[in-house]
Structures are given as structure tokens and as C-alpha cells.
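What follows is a short report on a single structure.
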Amino acid sequence: MKEENVIEAEELTKAFGDFKAVNAISFEVKKGEIFGFLGANGAGKTTAIKMLIGISKPSSGQATVAGFDVYTQRESIKKNIGYMSQKFALYDDLTVKENITFFGGIYGLSRAKIKEKREQLISELGLEDISNKLVGSLPLGWKQKLSFSVSLLHDPKIVFLDEPTGGVDPITRRQFWEMIYKAADRGTTIFVTTHYMDEAEYCDRVSIMVEGKIEALDTPKKLKEQFKVDSMNDVFLKLARE
Amino acid sequence: MSITLNHISKSYKKLKAVQDISFNVEPGELFGLIGPDGAGKTTIFRIITTLLIPDAGTASVAGFDVIKDYQAIRNTVGYMPGRFSLYQDLTVEENLTFFATIFGTTIAENYDLIEDIYVQIEPFKDRRAGKLSGGMKQKLALCCALIHKPKVLFLDEPTSGVDPVSRKEFWEMLKRLQQKGITILVSTPYMDEAALCDRIALIQDGKILEIDAPEAIVNKFPKKIYNVGADNMYKLIRTLQGYEHLYSVFPFGEFVHYTDKRDSFEAADLKSYLKNAGLTDISIEATQPNIEDAFMELAK
């Protein structure tokens, strides 16, 4: 049986006037895969992600996400994915419980389902003692872990993580990656961007964008062999500097 | 001393942002404040740039007291805050001229100091600052912080959210400025950048965990570290977490860093334990700790 693809992109392009921010990128992401989406600032990552999550219409090319078309089924895409970024987290002036309930409602879960998910999530994260505290009072690391769990509330097939660990302390950063592994192990596909090159090594496969194009795509091991270097940091420096 | 902090504390309501912090930075030194968001780095910058009065303690910069001599400090230091703080609707050149004029100088007078940075943004000198890319904004902000030839340069998270290539270039610029005799205090959440500083302070939750040269901090690491690899990273971590002799396990790139409770560690024992758990492609090799290992051990 053919392995199931959660993302399929073919010559996907976004142009702003004459400038092609994303220039004919093609790739697939498999079910349960941790896919690292890397590139320098301004390489076109954010523009590409916006097309994949259904908030920006491509100029040309084809893509499906979770089985839905990025031109015609954008609302279905939004219902079937999770998304978190460093900037958009949760509501600071709602409590932990209220945030979970609120987002559960947004995702259209039933009251009973929200209650079940809320209890499960609070116990898994060990947040029992602070579940009635305002999210704004939590340390950044906790917010990011909670935000990731909330993005998984509706059991999406794929979750997009845009620099989820920026500025987070090294222990929490690693706990966060354990959560990513756990979600992937359960079959959720992870699409993640990061500027930490050690995190690129945690991915099953990594793509590197340079000036709108995907210039490299493979497992970290094979990329290191291909560029004859010891670390993903060196792969990145080699690609982006040439 | 170029920068001195003595028992500095600062709270915002209940939050103790900085608690009894003391350190010195020598003239000409490149000193790093290394810690995650919320560690208190920006509060320290705001105190020594005279923008915030500490609750307790004393501090001086280039021999001037941060409270008594605040005006002298403002003329002596350059400050690049974490948030882009230039005038978005002035052009690149207008911003630079503005800051030069405020400090009673001209671009021409100190051009040698900014030349190798400014030439990279000069093609866009008529563009409004708000329309620049992140990397170019950062270079302009650095030029504006340098235009009055400061003795001391403060950089609050200049590389946050910046890709590895631009980060490397930025640090090369800092090294060149240091060679021109400028004392630099820089903060970063990226632990790999710690190795590029002469000395660093590791900070978390408003407290200093350690101050020393980066290699000295690493050398103090109390345990032997092993790189352990296997076919399935998640299963490897879970399996190691169940190992009775485990002291710590943290993912580090393609391997995990493993430390053992015992003084005498047998790689063969661990290997057979992992094998029995169903893991394959197992490798165990001694490796050197790095700043992140040290930070995590100290932060425990």
C-alpha cells in the first residue's frame, strides 16, 4: 500500500507583482512524519505556510493539505489542521481552563468532548495546580507547551508549528520536542520551522528554502552526506551562502 | 571596570525580574548575558542604560553612576534594544543623520566605525526604515547605535528570530567592533552564541547561575556525557527514561546526551538494555559537554 501523504505540493507559487516569494516548490509530507521547513529570513517560508494553511491563495501550482485543495477547499483545510506560532499563542487574560474551553468551542467540539479533552490535557501537562490561573501569568515555556496541546485539541491530521521554541529555555525546549515526538508517534504529522539547527536534526526530513525555491530536501543524515559536513548548521550555512 | 553591577534587584509588582545580580565587564571585553525569555536580561539593560531605576543595588558604566550621572552615560553608550526602535517613516539615511545630529556629530566624522556595516545597506539609503527586511533593519539599528562612537555598546537580543547565516554575519561584525576597542554587552537566548563571547553570565528567573569564560563553564560540568543514538529517537528517550541508572537524558541533534548516576559506567550494559527494548542501530560514544548541558545542569 502506498504511504499516505498529508501534504502534496506541485510547483506551488506565490508572486507579488514580478517578485516570486515562493517559486514552484514541490514536495510531499507523509502521515506521522516530522517535517522541518527551514530557510533564511525572507526565503519565503511564511508565504508558503500561509498558502498551505488556507489563508493565502497561490498564484499557480497545485497543493492539497489533509486531502483538501488549497484553492477550493480552504475552509476545510482550516478545520483539519492545527497551528501555533511563537507570536499567536493563547489569550493571556483567560485562565488555562478557559483557553482550552474557548478553543475547543472554536474547533466545534461538543461540550462533553471539550470536558474530556480538557481534563486529559491538564493531567498530561501536570497543570492541575494552575488550571485556574491566567495564562498571562505563566512562564513562556508553559505557554508554548499549552499552546501546542491546544493546537491538537481537535485531533488534526497535521499541525503547523512556526518557530515554536524561540526564546524558550533549553530544558523546556527539549520537553517541547518530546511532546512533538509523542504526537508524531500517535500519527499526527508535524510541519515545523525553527532557527535552532539542532532541532533540524530531530526531524525525519528537512527542506531548506533559498530565495523562494526548495534547494535541498532529505533526511538530516543524507543531507549531511550530500554536503559532506557534520551538522545541519553547516548544511544550512553552505546552502544559504553559496 | 567598564560595567559594574553590585547587588542589583528590580521587581515589577510581585514579579522579581532581577534578584541581587552582580557582575563586572572589563574594558574591551565581549560579555554575553545568556538566558531564555523572562530571565531578566532586558531589565538589566534598561537599568544600565539609565532607563529604569533599580529597587536596590548600585551600577556604573564607564565610571559613571547609573543614577547620579545618567546624562553622561547616555552620551557614552550605544544601545540597540530588542525591539526595532528607529523611525519607520524616515529613510535609512535620515535615521542615521538624525542620530548623529542628536549626539552632536556627523556621519562623516565616525564613518570608519560603521563603514563595513553601512555599505551593506547603502544601496537602500533612500528607503524608509519601515520597509526594510529584518536583517537590514538590524544593520541600520547597529549603525545608529554606533554613530557617536560609544565606549560601551549594549545589544539586547540582536539575533533573536534571525536565521543562522545572518546570525553568523552579525557575530563577525561584533568581533570587528570589539577589535576597535569597544566594550560590548550582548544578550542572547541562543546558547551556541555563548562560545563566541570572552565571558558569559548564564541567567534564569532573574538570578545568575554562573559567570565565567564559556570553556571554563563547560569544563566544570560534573558528569561524563555520552552520545547515544538509535533507530527511533522517541522510543530511545522513553526507554532511557526507564533505565535505573539514568541521571539525565536530553535530545541533542541526531543523538541524545546521556549521563549516568554511577561513577563506573558500562556502555555494554546500556547497549544490551536498549537492545532488549527492541531498539536497533544503537551507538554509545563519550562526548564533550557544551553550554546547553551546563545551563541545564545548573538550572536544575
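The values are calculated or read from the model by the stated rules, or taken from the named source; none is laboratory data. Because the structure is a prediction, the values reported are computed rather than measured. Counting neighbours? That spans all protein chains shown, and the Cβs are built from the backbone with ideal geometry, glycine included. Heavy atoms of the whole protein, side chains included, go into the accessibility calculation; ligands, DNA and RNA do not. Shrake-Rupley method; radii C 1.70, N 1.55, O 1.52, S 1.80 Å.
Brief remarks follow.
- Candidate set: the range A:184-202, residues that are among the hydrophobic types (A, V, I, L, M, F, W, C) and open to solvent by less than 10 Å² (accessible area, probe 1.4 Å); chosen: the one farthest from the other protein chains (Cβ to nearest Cβ): A:191
- Test result for residue B:67, touching a strand residue (DSSP E or B) at 6+ places or on another chain (Cβ under 9 Å), open to solvent by 50 Å² or more (accessible area, probe 1.4 Å), of a type outside the set (Phe, Trp, Tyr) and over 25 Å from residue B:137 (Cα atoms): yes
- Residue selected from the range B:147-156 under the condition within 19 Å of the chain's Cα centre (by Cα) and either among the aliphatic types (A, V, I, L, M) or within 14 Å of chain A (Cβ to nearest Cβ) (or both), by the criterion surrounded by the most Cβ atoms within 10 Å (Cβ to Cβ): B:155
- Restricted to helices (runs of 4 or more DSSP H) entirely inside the range B:1-117, those with at least 1 residues that are closer than 22 Å to residue B:187 by Cα are B:41-48, B:70-76.
- Only residues that are facing chain B (nearest Cβ under 10 Å) and either in contact (Cβ under 8 Å) with a residue 12 or more places away in the chain or open to solvent by 60 Å² or more (accessible area, probe 1.4 Å) (or both) were counted across the range A:220-229, and they come to 2.
- Condition met for residue B:30 (under 22 Å from residue B:211 (Cβ atoms) and hydrophobic (A, V, I, L, M, F, W, C)): yes
- Search result, residues across the range A:205-218 that are open to solvent by 20 Å² or more (accessible area, probe 1.4 Å) and either closer than 18 Å to residue B:250 by Cα or of a type in the set (A, V, I, L, M) (or both): A:210, A:214, A:217
- Residue count for the range A:130-139, restricted to those that are open to solvent by 70 Å² or more (accessible area, probe 1.4 Å) and among the hydrophobic types (A, V, I, L, M, F, W, C): 1
- Checking each residue in the range A:110-129 for being buried (at least 18 other Cβ atoms within 10 Å of the Cβ) and either at pLDDT 95 or above or part of a helix (DSSP H, G or I) (or both) picks out A:114, A:117, A:118, A:121, A:122.
- Consider the range A:155-197 and keep the residues that are touching a residue at least 60 places away in the same chain (Cβ under 8 Å) and among the aromatic types (Phe, Trp, Tyr). The one that is nearest to residue A:100 (Cα to Cα) is A:160.
- Within the range B:162-219, considering residues that are within 30 Å of residue A:44 (Cβ to Cβ) and β-branched (Val, Ile, Thr), the one nearest to the other protein chains (Cβ to nearest Cβ): B:165
- Leading residue by the ranking (farthest from residue B:35 (Cα to Cα)) among those in the range A:98-108 that are touching a residue at least 12 places away in the same chain (Cβ under 8 Å) and surrounded by fewer than 20 Cβ atoms within 10 Å (Cβ to Cβ): A:108
- A count restricted to the range A:24-56 and to residues that are more than 28 Å from residue A:179 (Cα to Cα), in contact (Cβ under 8 Å) with a residue 12 or more places away in the chain and surrounded by fewer than 21 Cβ atoms within 10 Å (Cβ to Cβ) stands at 3.
- For the residues A:175, A:144, A:226, the requirement of being closer than 25 Å to residue A:78 by Cα and outside any strand (DSSP E or B) singles out A:144.
- Residues of the range B:117-139 classified as away from chain A (no Cβ under 14 Å) and within 23 Å of the chain's Cα centre (by Cα), total: 1
- When residue B:159 is tested against (1) in a loop (DSSP other than H, G, I, E, B); (2) away from chain A (no Cβ under 14 Å); (3) polar (S, T, N, Q), just one condition goes unmet, and that condition is (2).
- Among the residues of the range B:260-287, just one is within 14 Å of another protein chain (Cβ to nearest Cβ) and either over 20 Å from residue B:235 (Cβ atoms) or β-branched (Val, Ile, Thr) (or both), namely B:287.
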